[in-house]
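Enquirer: Please see the structure below; I have some questions.
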Amino acid sequence: MANLTHRHQKILQRLQEKGYVQVNELCQQLQVSAVTIRKDLKLLEQKGLLFRSHGGASLHNPYINELPVNEKEKIRIEEKRRIGEAAAKLIEPDDAIIIASGTTVLAFARSIRPRHHLTVITASLNVALELNRHPETEVIQLPGVLRKSSASVIGTYAEQLLQQFSCSKLFLGVDGIDPAFGCTTTSLQEATLNHCMIQAARKTIVLADSSKFGKRGFGKICDIDEVDQIITDREVSDTIVKILDEKGVEVVRV
């Protein structure tokens, strides 16, 4: 940390501890103005020591490059399994739910062991095939254009069909969670479909491992206060949990 002021070192230390910092939080801790903190963050970003985002900064590049679904499945396998098992416990007898697309919601689908009738609406081909094995489960596969990278459908056919349903819960996978900006994915069309899913469900539950926090995809799905609950792993910091709690979002770490 040569050539850095004591305040810069404090910012980087906090960032190493938490992974993500907010401007307002740094102002209180360091007793300086928001203008000063923003200048500090800009300088540190120019030195390649952090990445700025709206209202704060993170250690990792907040902008996401899309990976094919078969590559994503190999990342954070154990975390996704635990998240999926925790989410499966939320299913109730005779439930009607929506499952979006992504490898974390696929891990959730693999954890479902229905004992009663279950209706599932999904955009994901892999989720549909997984749940079709259970005789107790009725699967409604949304129609549309197949997005090969995620093995899921997008488009107006799926969006229009969702208007005909009202479900208890949506289990949503995302590519990025930025407390200030909201939930995002790498595809604008997928983001639009995901937002339609939110409107068709009474409760929105995001399934995302800790690597998704502080990042942004190209397409915005929703503001963070449109989410009811996030199920994630234990690596998410207390700072992030507190920020989300203040916005009315329950965070479950498993």
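The values are calculated or read from the model by the stated rules, or taken from the named source; none is laboratory data. Keep in mind that this is a model prediction, so the values were computed, not measured. Glycine gets a Cβ as well: all are built from the backbone with ideal geometry, and neighbour counts include every protein chain shown.
Enquirer: Name the single residue that is surrounded by the most Cβ atoms within 10 Å (Cβ to Cβ) among those in region 116-152 being over 20 Å from LEU172 (Cβ atoms) and touching an Asp or Glu at 6+ places or on another chain (Cβ under 7 Å).
Expert: Among residues in region 116-152 that are over 20 Å from LEU172 (Cβ atoms) and touching an Asp or Glu at 6+ places or on another chain (Cβ under 7 Å), the one surrounded by the most Cβ atoms within 10 Å (Cβ to Cβ) is HIS117.
Enquirer: Using beta carbons and a limit of 6 Å, which pairs, at least six apart or on different chains, have the first residue in region 129-145 and closer than 18 Å to GLY102 by Cβ and the second one assigned to a loop (DSSP other than H, G, I, E, B)?
Expert: Partner pairs satisfying both residue conditions: VAL139/ASN132; LEU142/ALA123; GLY144/GLY155; VAL145/GLY155.
Enquirer: Working only within region 198-251, note down all residues that are modelled with pLDDT of 95 or more and out of contact with any strand residue (DSSP E or B) (no Cβ under 9 Å at 6 or more places or on another chain).
Expert: Matches in region 198-251: GLN199, GLY248.
Enquirer: Counting just the residues of region 186-208 that are outside any helix (DSSP H, G or I) and not small (Gly, Ala, Ser), which one comes out surrounded by the most Cβ atoms within 10 Å (Cβ to Cβ)?
Expert: Across region 186-208, the extreme among qualifying residues is VAL206.
Enquirer: Suppose we filter region 217-245 for residues that are touching a Pro at 6+ places or on another chain (Cβ under 7 Å) and free of Cβ contacts under 8 Å to residues at least 60 places away in the same chain; how many remain?
Expert: 1
Enquirer: Please tell me if THR137 is at pLDDT 95 or above and hydroxyl-bearing (Ser, Thr, Tyr). Step through it out loud before you land on a result.
Expert: On the way: at pLDDT 95 or above: yes; hydroxyl-bearing (Ser, Thr, Tyr): yes.
Judged against the criteria, THR137 is a match.
Enquirer: Pull out all pairs, ordered by first then second residue, where Cβ-Cβ is under 7 Å, the residues are six or more apart or on different chains, the first lies in region 76-96 and is in contact (Cβ under 8 Å) with a residue 60 or more places away in the chain, and the second is small (Gly, Ala, Ser).
Expert: ARG76/SER211; LYS80/ALA107; ILE83/ALA107; GLY84/ALA107; GLY84/SER111; GLU85/SER111; ASP95/SER168; ALA96/SER168
Enquirer: Just to be sure I understand, how many residues within region 179-193 are within 24 Å of GLU25 (Cα to Cα), in contact (Cβ under 8 Å) with a residue 60 or more places away in the chain and among the small types (Gly, Ala, Ser)?
Expert: 1
Enquirer: In region 144-155, is there at least one residue being touching a Leu at 6+ places or on another chain (Cβ under 7 Å) and in a helix (DSSP H, G or I)?
Expert: Among the residues of region 144-155, not one is touching a Leu at 6+ places or on another chain (Cβ under 7 Å) and in a helix (DSSP H, G or I), which makes the answer no.
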